[in-house]
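Please read the structure below before turning to the comments.
The values are calculated or read from the model by the stated rules, or taken from the named source; none is laboratory data. Computed from a predicted model, the values in this text were never measured in an experiment. Note that each Cβ is placed from the backbone with ideal geometry, even for glycine, and that neighbours are counted across all protein chains shown. Ligands, DNA and RNA are excluded from the accessible area calculation, which covers all protein heavy atoms including side chains. Shrake-Rupley method; radii C 1.70, N 1.55, O 1.52, S 1.80 Å.
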Amino acid sequence: MPDTERDLVSGVIQLANLLTRRLAPIFERAKVTPQQWSILAILADSDASMTLASIARKMMVSKQNMTGMIARLEQLGLAERHDDPKDLRSSRVQLTRRGRALVEKFRPVYAEWRGRLGRELPERDIAALTRTVDRLIDELEPE
């Protein structure tokens, strides 16, 4: 590490970039990006289909960004979009069978990778960092 400490924002961005780079080979076998994996996991954890806006909020991206990401998952046959009967301006997204199978296959692989992450750090440090990140997100996220 250089003589000077990283700025918090620069450090978080660097960490996010590094995590994405390290995760890429895991999901490369599934032919999805880490960002696409995040969407698939969100959909898999939902009891019902979700609106693009609700997925975008969970991912903390714009609805326009989400539209493109969902289109790519549809092209891969992992998600499907259908009109929302309650709001004709909106659509809902759910996993396809293929998408659900992919999540079931790769969730243990991801869990194993996640289990190795920070293994040199005390669990209390990881827990404290997680709480701090959550608090920063809450502070920055508009209501």
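Which GluC sites (Glu not before Pro) in segment 39-127 sit in a loop by DSSP (not H, G, I, E or B) and have at most 15 other Cβ atoms within 10 Å of their own Cβ? Each step should come with its number before you reach the end.
Numbers: sites: Glu74, Glu80, Glu104, Glu112, Glu120, Glu123; in loops: Glu120.
Qualifying residues, ordered by number: Glu120.
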**Prompt:** Given R₀ = 41 Å, FRET efficiency for Glu120-Arg81 by Cβ-Cβ distance, to 0.05?
**Reply:** 0.45
**Per residue accessible area of the chain, 1.4 Å probe, in Å²** = 73
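Run through segment 1-64 and list the trypsin sites (Lys or Arg not before Pro) located in a DSSP loop whose Cβ has at most 14 other Cβ atoms within 10 Å.
Details: sites: Arg6, Arg21, Arg22, Arg29, Lys31, Arg57, Lys58, Lys63; in loops: Arg6, Arg29, Lys31.
For trypsin sites (Lys or Arg not before Pro) across segment 1-64 that sit outside H, G, I, E and B with at most 14 neighbouring Cβ atoms in 10 Å, the list reads Arg6, Arg29, Lys31.
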**Prompt:** Does a label point 7 Å from the Cα of Arg107, set along Cα-to-beta-carbon, have any residues of segment 46-83 with amide nitrogen under 13 Å, and which are they?
**Reply:** 46-47
**Complete:** Quick calc: nm separation of the 7 Å Cα→Cβ label points for Arg135 and Ala53 -> 3.2
**Prompt:** Going by the alpha-carbon gyration tensor, a ≥ b ≥ c the square roots of its eigenvalues, is segment 49-143 rounded (a/c under 1.5) or, if a/c is not under 1.5, prolate (a/b greater than b/c) versus oblate?
**Reply:** oblate
**Message:** If you roll a 1.4 angstrom probe over the protein chains with everything in place, what fraction of the accessible area of the chain belongs to carbon and sulfur, to the nearest %?
**Reply:** 52
**Request:** Kindly state, to the nearest 0.05, the FRET efficiency for Ala128 paired with Thr67, given R0 = 30 Å and r defined as their beta-carbon distance.
**Result:** 0.25
**Prompt:** Ratio of segment 46-98's C-alpha Rg to 2.2 N^0.38 Å, to two decimals?
**Reply:** 1.06
**Message:** Using C-alpha positions alone, give me the convex hull volume of segment 1-107 per residue in cubic angstrom.
**Reply:** 117
